[in-house]
Structure formats: C-alpha cells, structure tokens
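Quick note: the coordinates plus some simple rules give every number you see, no bench work behind them. Being a predicted model, the structure only gives us computed values, none of them experimental. Backbone-built Cβ (ideal geometry, glycine too); neighbour counts: all protein chains shown.
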C-alpha cells in the first residue's frame with residue numbers, strides 16, 4: 001500500500017478509536033450528547049449507557065483492526081478493504097435510520113480511503 005493509503009487508513013482508525021472513547025469513556029459527557037444528539041436524560045438510563053459502551057467497543061475494534069491491517073498484516077488490503085466497506089455500510093445504515101449527517105461524519109473518510117486504496 002502507498003504512504004497515502006497508510007495515512008488515510010490510520011486517520012480512519014483514529015476516527016473509530018475516538019468514537020469508542022466518547023461512547024465508552026465519556027458516555028455521559030456534554031460532548032457525547034452533542035455529537036450523537038442524545039438528550040441528557042436519555043444518557044442517565046443505565047440500559048442506554050450499556051448500549052453506548054457496547055457500540056463503542058465495536059467501533060474501537062474497527063480502529064484496532066485497521067491499524068493491524070496497515071502496520072502488521074502481511075496482506076493489508078485483504079483486511080483493510082472489507083473493514084472499510086463494513087464501516088461505509090454502517091454509515092449508510094446510520095444515515096437512513098438515525099441522522100443523515102452520519103454518512104458524512106462517519107462515512108466520508110472511509111469512502112475516500114477506499115477510493116485511494118483501490
């Protein structure tokens with residue numbers, strides 16, 4: 001993979017690790033409420049907090065796998081391309097079911113990265 005591909009894949013990984021951070025560590029923060037447009041009282045619900053943290057772990061693992069694919073895997077494209085497609089599909093689903101802006105916020109960087117790699 002090219003240096004540009006590695007840079008963009010790393011940026012996507014950082015994005016997903018950041019999402020994990022705000023979903024699992026800063027679950028009840030003002031920043032998390034703003035980013036996900038979740039009312040304060042909703043994030044006081046223990047069930048909702050558990051769901052957010054669970055989703056955060058998924059996002060963090062996407063980031064970790066992208067870093068593994070970029071810097072360790074013997075055949076990076078075999079790991080990275082499916083993960084990027086997965087991230088794009090999740091962003092499309094989120095845009096359809098939750099907030100249209102998710103396709104830009106969470107999907108644009110993986111789309112650009114996939115194009116660069118291909």
Scanning region 87-102 residue by residue, those in contact with a helix residue (DSSP H, G or I) (Cβ under 7 Å, 6 or more places away or on another chain) and over 15 Å from residue 36 (Cβ atoms) turn out to be 87, 88, 92
Going through region 66-81 in order, the residues found to be out of contact with any helix residue (DSSP H, G or I) (no Cβ under 6 Å at 6 or more places or on another chain) and within 10 Å of residue 6 (Cα to Cα) are 71
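Quick grid of which residues meet (1) over 16 Å from residue 56 (Cα atoms); (2) surrounded by 12 or more Cβ atoms within 10 Å (Cβ to Cβ); (3) in contact with a helix residue (DSSP H, G or I) (Cβ under 7 Å, 6 or more places away or on another chain):
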position: 3; (1), (2), (3): yes, no, no
position: 7; (1), (2), (3): yes, yes, no
position: 12; (1), (2), (3): no, yes, yes
position: 16; (1), (2), (3): no, yes, yes
position: 19; (1), (2), (3): no, yes, yes
position: 24; (1), (2), (3): no, yes, yes
position: 31; (1), (2), (3): no, no, yes
Here the qualifying pairs (Cβ atoms under 9 Å; residues six or more apart or on different chains; first in region 31-42 and in contact (Cβ under 8 Å) with a residue 40 or more places away in the chain; second part of a loop (DSSP other than H, G, I, E, B) and surrounded by 10 or more Cβ atoms within 10 Å (Cβ to Cβ)) come out as 37/98; 37/99
If you go through 54, 6, 28, 59, the only one that is within 30 Å of residue 78 (Cα to Cα) and more than 14 Å from the chain's Cα centre (by Cα) is 6
